[in-house]
Amino acid sequence: MIDLRYLKKVLEMLDESTVDSLEITNEKGMKLRVSKSPTARGTVAMAPMAQMAPMPTMAAAPSPAAAPTSAPSAPAAAPEAPKSTLIEVKSPMVGTYYAQPEPGAKPYASVGTRVSKGQVLCIIEAMKIMNEIECEVSGTITEVCVQDASSVEYGQVLFRVDPNG
């Protein structure tokens, strides 16, 4: 069995370092593998396919036609730029997301809620331990990305916060 304090310390050290993944094996042969960037086999297989699909299209089209095609995509990306000002609050662990401290209680945060740095946003239950997740910035909740009592993964976006709101 892994000590949760040890696991939490490992996750904190990994988060603060430039190391992307880490694997630890103890004397009993138990392995722990932690990675900052989730890499599912399906995701890795799909990434090259997505890159290869546009290439034949560009090769089949004359290069003058390709240039106008890429020019309209640049303005299309411009409206997405304001979204980048939103801060994503991500899950620091795998577990079960709870929006409120107990069933029937008012949620810690919902869309439109004004939050401050250090304010509790939700609880993630991991191995029967309730972990309060605090907001990293002050602002307004613009999106709640998970449903109450659902499973969450490490690095999954829980909330989007507008620091200017």
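Remarks
- Taking Cα centre as origin and charging only the Cβ of basic (Lys, Arg, +1) and acidic (Asp, Glu, -1) residues, the dipole magnitude of region 82-135 rounds to 180 debye.
- Environment charge of residue 135, counting only residues whose C-beta is closer than 15 Å and scoring Lys/Arg +1, Asp/Glu -1: -2
- Potential lengthening between residue 111 and residue 31 on full extension [0.36 nm per residue; Cα-Cα distance subtracted]: 24.9 nm
- The Cα atoms of region 103-165 give a gyration tensor whose axes a ≥ b ≥ c have a/c of 1.5 or more with a/b greater than b/c, which makes the shape prolate.
- For the pair residue 15 and residue 88 in one chain, pulling the backbone fully straight at 0.36 nm per residue adds 24.7 nm over the alpha carbon distance.
FYI, it's all coordinate maths here, none of it is from the lab. If you're wondering where the values come from, they're calculated on a predicted model, not measured in any experiment. Cβ: placed from backbone, ideal geometry, glycine included. Neighbour counts: every protein chain shown.
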